[in-house]
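Have a look at the structure below, then the notes.
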Amino acid sequence: MSEPVAAVAVTGATGRLGSRVAQRLATMGVRQRLLVRDLARAPRLPGADPVRASYTEPDAVREALRGVPVVLMVSASGSQTRVAQHRTFAEAAAAAGVQQLVYVSFFGAAPDCTFTHGREHWATEQHIRSAGMGFTFVRDNFYADLLPSFAGEDGVIRGPAGSGCVSAVAEDDVADAVTAILLDPSGHAGATYSLTGPEALSLDAVAAILSRELHRPVRYVDESVEQAYASRAGLGAPEWQLQAWVSTYTAIANGELSAVTDDVPHLTGHPATTLAELLRSGRSAY
C-alpha cells in the first residue's frame, strides 16, 4: 500500500517560523513534506517527510515538490543572491506542478520602499506571479520577538527612527495565520495579507516596555543616518547589510511600518499579541 501524498510542503522547517508552522500542521494531522538543507536537523514530526533540497538546487526542488499541491515558501536568509534563489525556487515549483505558493513576504513590500529587504520581497512576489501558479502573499511586519535584540549590551537602542512607529507582530501570530491559510489554501488564493501587531509603537515606547518586562533599563537614542552608518562601520559587514540595518530604522522614521491591520485576528480567530504579552509569556522566538 503506497504512502499518502503530502498535502503541503514546508520550506525553512528548521527555522523559527517554518518549524512552528510544521509543528502546527503535524498536530492537526496534515501530511507534509519538509524541505531542508540538512536532513540531520529536520524536525521529526508525525506525518512529515523530510527531503533535502535547497533554493539553489532546482532539480532537487522539482523532485521534492512533485505531486505536492501547496507549498509554504519561507524567504531565504538575507544575501546578495536572495532574489535569484527565490526566482530559482519559484520556477522549480511551477515546473513540479505546484498549484499554490504561499510566500512569506514583508509588510509594505514595494520596488521603492525604504527597507531594502522589502524591495527584494516585492521582486520575489513579481517572480511568483509570473511563474503561473496560484499564490498567497503573507506580508508580515518586523517580528516583535526581535525587538529586544535592538538594544545593545549597554541597554541602548540606537538608530535613525526618530519618533516613527512600528506595528511589530509576534512570530507565533504569523505561524498561526500561515497555518490557517495552509489549511484552506483555495480560500486564500490570490490574497495578500499584511500581518501586524495590535499597536504601533515608537522605539521610546518599545524601550519602556522592554525595561518594564525584562526588569532592566532600556532606552532609545535617536541617531542621524550618518551616525548610524558610522556606528556600524566597524562591524565588518558588507555594504548591502549595512543598508539593511540602517533602513530598518529609516523605514520606521518614514512611517512605512506603522499601519495596524486586523489580518491576524481575521485569519487566526484570536487577537494579535502585544509586545508586553509576548515578553510576559516567554514565547519569544529569539
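We did not get these values from a lab; they are worked out from the coordinates using the rules stated. Predicted model, so just to flag it, every value in this text is computed and none were measured. Here Cβ is always computed from backbone atoms with ideal geometry, including for glycine, and neighbour counts include all displayed protein chains.
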- Here the gain from full extension of Glu226 to Gln126, 0.36 nm per residue of separation minus their alpha-carbon distance, amounts to 32.7 nm
- Note on the structure: Using alpha-carbon positions, the gyration tensor of the stretch 1-153 gives root eigenvalues a ≥ b ≥ c; with a/c under 1.5 called rounded, otherwise prolate if a/b exceeds b/c, else oblate, the class is oblate
- Note on the structure: From the Cα centre of the stretch 182-260 to that of the stretch 81-148, the distance in Å is 19 Å
- Just for the chain, what percent of DSSP beta bridges are antiparallel, to the closest 5? 10 percent
- Assign one of three labels to the stretch 47-98, namely rounded, prolate or oblate, based on the Cα gyration tensor with a ≥ b ≥ c the square roots of its eigenvalues; rounded applies when a/c is under 1.5, prolate when it is not and a/b is larger than b/c, and oblate otherwise. prolate
- Query: Mind checking the dipole of the chain: about its Cα centre, +1 per Lys or Arg Cβ, -1 per Asp or Glu Cβ, Debye to the nearest 20?
  - Reply: 720 debye
- So, with points 7 Å from each Cα along the Cβ direction, the Arg66-Gln80 label distance in nm works out to 3.6 nm
- Residue order, fewest to most surrounding Cβ atoms within 10 angstrom, among Asp140, Asp204: Asp204, Asp140
- Query: For His215 and Met28, FRET efficiency with R0 = 30 Å and r from the beta-carbon atoms, rounded to 0.05?
  - Reply: 0.20
- Taking every DSSP bridge whose two residues both lie in the stretch 100-228, the antiparallel percent to the nearest 5 is 15 percent
- Note on the structure: Between the residues Leu34, Pro50, Gln23, the Cα farthest towards the positive end of the dipole of the stretch 12-67, that dipole coming from +1 and -1 charges on the beta-carbon of Lys, Arg, Asp and Glu, is from Gln23
- Task: Search the structure for amide H atoms under 5 Å from the amide H of Phe135, placed 1.01 Å from N in the peptide plane, and list their residues when 5 or more places away or on another chain.
- Result: Leu101, Gly190
- Query: Mind listing the phi-derived Karplus ³J(HN,Hα) values for the stretch 43-50, rounded to whole Hz, using 6.51, -1.76 and 1.60 with θ = phi - 60°, and x for any glycine or proline?
  - Reply: x, 9, 10, x, x, 10, 10, x
- Over the chain, what relative contact order in percent results from Cα pairs under 8 Å that are six or more residues apart? 18 percent
- Could you please rank Phe107, Phe150, Phe137, Phe89, placing first whichever residue has the fewest other Cβ atoms within 10 Å of its Cβ? Phe150, Phe137, Phe107, Phe89
- Query: Relative to the longest principal axis of the chain, what angle (0 to 90°, nearest 10) does the C-alpha long axis of helix 16-27 take?
  - Reply: 40 degrees
